[in-house]
Amino acid sequence: MPRAVRIDEFGGPEVLALREVEVADPGPGEARVRHTAIGLNMIDTYYRKGLYSMPLPSGLGGEAAGVVTAVGAGVTGLEPGQRVGYASPPPLDGYAEERVIDAKWLVPLPDAIDDRTAAAVMLKGLTAWYLLHRSFKVSPGDPILLYAAAGGVGSLVAQWARSLGARVIGVVGSESKRAVAEAHGCDPVLLADDDIVARVRALTGGRGVPVVYDSIGRTTFFQSLDCLRPHGVMVTFGNSSGPVEPFSPLELSKRGSLYVTRPTLFDFIRERRELEEGSRLLFARLESGDMRVEIGQTYPLDRVADAHRDLEGRWTTGSTVLLP
């Protein structure tokens, strides 16, 4: 029988259990996929801890690549043997050797993109797409501030933004990650314990940046607001330091009539045409060489708890892939 990760209660990495499971035949509009590579993302830890609610018991993981093994009634454009990738919302079951999934989330993979790359890039790459093209439309010459610039999402955002002509000011948590961020197009790269606001103001002639991409959350939120120019956009899209606490909207007005958005990928790919458009642009960036995926580490699926510990401890660089 195939194996899958299950959790019965919210908590630390120790709640992750690998078990044998039955995989049903796909129903109408569904497909069964045998995974070859599985993406690991910070959002997985939010679900595991209960920061993002979901009914228990549950699987985990919303990004993977693999091969279609069967399709249900009414499914078009997919057939057994076809290579696919996906980023999908709950119900989560990506940490599995095989699963059934709503076929609307599956995207055929180009021959030039291998399975591990696809597993590492579907959720993170589509996130980079909506951050740069939907949450705020980056234009040539824009200086942008990007936190966690050496991470899986950060490294993709940095490369894609540079290809659009933006200047990427990166922030990383340690000296060892500076070179990683520089290699992906950040210039300069600041350390998290720098005076970020003063450095950003100095780098922008006192004006500030038009957009901040902040995946850290609680500890950097107001610092990020202080880096924005009037009418700037604060894109808070992660909570690695914890969720942002409630604040008064007056904080936005006194800093120059700022905007704040808390986006999530699946609001940008609700329609199939949106998913196809984002995937088309993502694959084009990868095939052109404008963007490369750095898989910093891989773990077998039975070491998923170790992978979560390393991710939360900020010991990882680039993308992480689980191998079934």
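The values are calculated or read from the model by the stated rules, or taken from the named source; none is laboratory data. All values derive from a computational prediction rather than experimental measurement. Counting neighbours? That spans all protein chains shown, and the Cβs are built from the backbone with ideal geometry, glycine included.
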*What are the residues in segment 35-80 that are among the charged types (D, E, K, R), outside any strand (DSSP E or B) and closer than 22 Å to Arg272 by Cα, if any?*
Glu79
*Take the residues in segment 174-188 that are touching a helix residue (DSSP H, G or I) at 6+ places or on another chain (Cβ under 9 Å) and touching a residue at least 40 places away in the same chain (Cβ under 8 Å), then tell me which one is farthest from Arg162 (Cα to Cα).*
Val180
*Within segment 305-322, can you find the residues that are of a type in the set (A, V, I, L, M) and either under 18 Å from the mean Cα position of the chain (by Cα) or closer than 18 Å to Ser88 by Cβ (or both)?*
Ala307, Leu311, Val321, Leu322
*asked:* For segment 54-74, give me each residue that is crowded, with 20+ Cβ neighbours inside 10 Å and either outside the structural domain of Gly11 (by TED's automatic domain parsing) or in contact (Cβ under 8 Å) with a residue 40 or more places away in the chain (or both).
replied: Gly59, Leu60, Gly61, Gly62, Glu63, Ala64, Ala65, Gly66, Val71
*Six or more apart or on different chains, Cβ under 8 Å: which pairs go from a residue in segment 221-232 that's touching a residue at least 60 places away in the same chain (Cβ under 8 Å) and crowded, with 24+ Cβ neighbours inside 10 Å to one that's of a type in the set (Val, Ile, Thr) and part of a helix (DSSP H, G or I)? Could you list them?*
Cys227/Ile196; Cys227/Val197; Cys227/Val200
*Take segment 280-321 and flag every residue that is of a type in the set (D, E, K, R) and more than 13 Å from Pro13 (Cα to Cα).*
Arg280, Arg285, Glu287, Asp290, Arg292, Glu294, Arg314
*Output the number of residues of segment 204-226 satisfying the condition of being over 25 Å from Gly318 (Cβ atoms) and in contact with a strand residue (DSSP E or B) (Cβ under 7 Å, 6 or more places away or on another chain).*
6
*asked:* Could you go through segment 115-134 and let me know if any residue there is on the phi < 0 side of the Ramachandran plot, more than 19 Å from the chain's Cα centre (by Cα) and surrounded by 18 or more Cβ atoms within 10 Å (Cβ to Cβ).
replied: no
*Quick one: would you say Ser135 is of a type in the set (Gly, Ala, Ser), touching a Phe, Trp or Tyr at 6+ places or on another chain (Cβ under 9 Å) and over 29 Å from Leu301 (Cα atoms)?*
yes
*Looking at segment 77-87, which of its residues are over 10 Å from Val33 (Cα atoms) and crowded, with 23+ Cβ neighbours inside 10 Å?*
Tyr86, Ala87
*Return the only residue of Arg273, Arg255 being outside the structural domain of Ala161 (by TED's automatic domain parsing) and of a type in the set (Lys, Arg).*
Arg273
*asked:* Quick check on my filter: what residues within segment 209-226 are more than 15 Å from Lys254 (Cβ to Cβ) and part of a loop (DSSP other than H, G, I, E, B)?
replied: Ser215, Ile216, Gly217, Arg218, Thr219, Thr220
*What is the residue count in segment 189-210 for residues that are touching a residue at least 60 places away in the same chain (Cβ under 8 Å) and touching a helix residue (DSSP H, G or I) at 6+ places or on another chain (Cβ under 8 Å)?*
1
*Quick one: is Leu258 loosely packed, with under 13 Cβ neighbours inside 10 Å and more than 26 Å from Ala37 (Cβ to Cβ)?*
no
_Counted residues, segment 8-34 - those being within 23 Å of the chain's Cα centre (by Cα) and under 13 Å from Ala96 (Cβ atoms)_ = 3
*Which of the residues that make up segment 19-34 are under 22 Å from Asp115 (Cα atoms) and in a strand (DSSP E or B)?*
Glu30, Ala31, Arg32, Val33, Arg34
*Residues that are free of Cβ contacts under 8 Å to residues at least 60 places away in the same chain: which helices (runs of 4 or more DSSP H) entirely in segment 240-317 hold 3 or more of them?*
250-253, 272-288
*asked:* Just checking, does segment 149-157 include any residue being buried (at least 24 other Cβ atoms within 10 Å of the Cβ), farther than 17 Å from Ser240 by Cβ and within 18 Å of the chain's Cα centre (by Cα)?
replied: no
